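Novice: Here's a structure for you.
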Amino acid sequence: MSAAVAPALRILPMGDAALLVETGDLATVLALERHLTRLVRRGEGPWATVDDLVPAARTLLLVARPDTDLAGLAAAVTAAGRNLAEGDSAEDAGSPPDADSPHVEIAVRYDGPDLDDVARLTGLAPNEVVAAHTGTPWRVAFGGFSPGFAYLVGGDPRLMVPRRAEPRPRVPAGAVGLAGEFSGIYPRESPGGWQLIGRTDAPLWDPDRDPPALLSPGALVRFVAAAGC
């Protein structure tokens, strides 16, 4: 068996108290974020200075405290990447989340305007699309696009569909969509090009809530069909 190859990481300073780690793909981001989260929770050595980890599609931002030794922290990140390749972190993007990760259940009315198109693109019947979307738990990979919007991964691979050829100028709040490997929920009315398969009344963003976002990176999301669907 060939030896595992450490992920290629490009580490850049972001101001005087943060590092941006560039990776080759989302799977590496998620695996690295989970591994670093454990190290930060232990709070040993350079990890004691890290206040936040912010994943994105190809990057991971480490937000540290003022006066942090960024060179030392960058060296620790590089070592963590090698540890991933050597198997020190046995989990990857598709493995079960930590036991203390939030679990969120979201009821959906599967009556979206693109449900039939998704069925045609996937070769599934509309009810099979619903069964696939609800049958597998999703995981929040990262947030973006709009406050409260979360990119969900890890669902049924049969649901991978392209974005719409023509984005809609207005997508209603609560619309549940698919695009590529992701599922997501529009937290407020906005333009959008995802394939819409349903809608929910779940409040994705509430400034008076702590935290304001219902779905945070690492959370496990289970969709359920609302009564009558």
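Novice: Where only protein heavy atoms count, and the probe is 1.4 Å, what is the accessible area per residue for the chain in Å²?
Specialist: Each residue of the chain exposes 50 Å² on average to a 1.4 Å probe.
Novice: Continuing with this model, one more query. Given all pairs of different Cα atoms, what value in angstroms does the Kirkwood hydrodynamic radius of the chain take?
Specialist: That comes to 18.8 Å for the chain.
Novice: Using +1 at the C-beta of Lys and Arg and -1 at the C-beta of Asp and Glu, which of Pro212, Leu121, Ala226 has the Cα lying farthest in the positive direction of the dipole of region 121-229?
Specialist: Working it through, the farthest residue towards the positive pole turns out to be Leu121.
Novice: Using +1 on the beta carbon of Lys and Arg, -1 on that of Asp and Glu, and nothing else charged, what's the dipole of region 137-219 about the Cα centre, debye to 20?
Specialist: Computed charge dipole of region 137-219: roughly 280 debye.
Novice: Given Cβ point charges of +1 (Lys, Arg) and -1 (Asp, Glu) and nothing else, what value in debye, to the nearest 20, does the dipole of the chain about its Cα centre take?
Specialist: Using only the charged Cβ atoms, the result is roughly 420 debye.
Novice: In the full protein assembly as shown, how much of Leu9 is accessible to a 1.4 Å probe, in Å² to the nearest 10?
Specialist: 50
Novice: Another question, if that's okay. Report the charge-dipole magnitude of region 97-140 in Debye, nearest 20, computed about the Cα centre from +1 at each Lys and Arg Cβ and -1 at each Asp and Glu Cβ.
Specialist: That gives region 97-140 a dipole magnitude of about 60 debye.
The values are calculated or read from the model by the stated rules, or taken from the named source; none is laboratory data. Source: prediction; values computed, not measured. Neighbour counts are summed over all protein chains in view; Cβ atoms, including those assigned to glycine, are modelled from backbone coordinates with ideal geometry. Note: areas computed on protein heavy atoms with side chains; ligands, DNA, RNA excluded. Shrake-Rupley method; radii C 1.70, N 1.55, O 1.52, S 1.80 Å.
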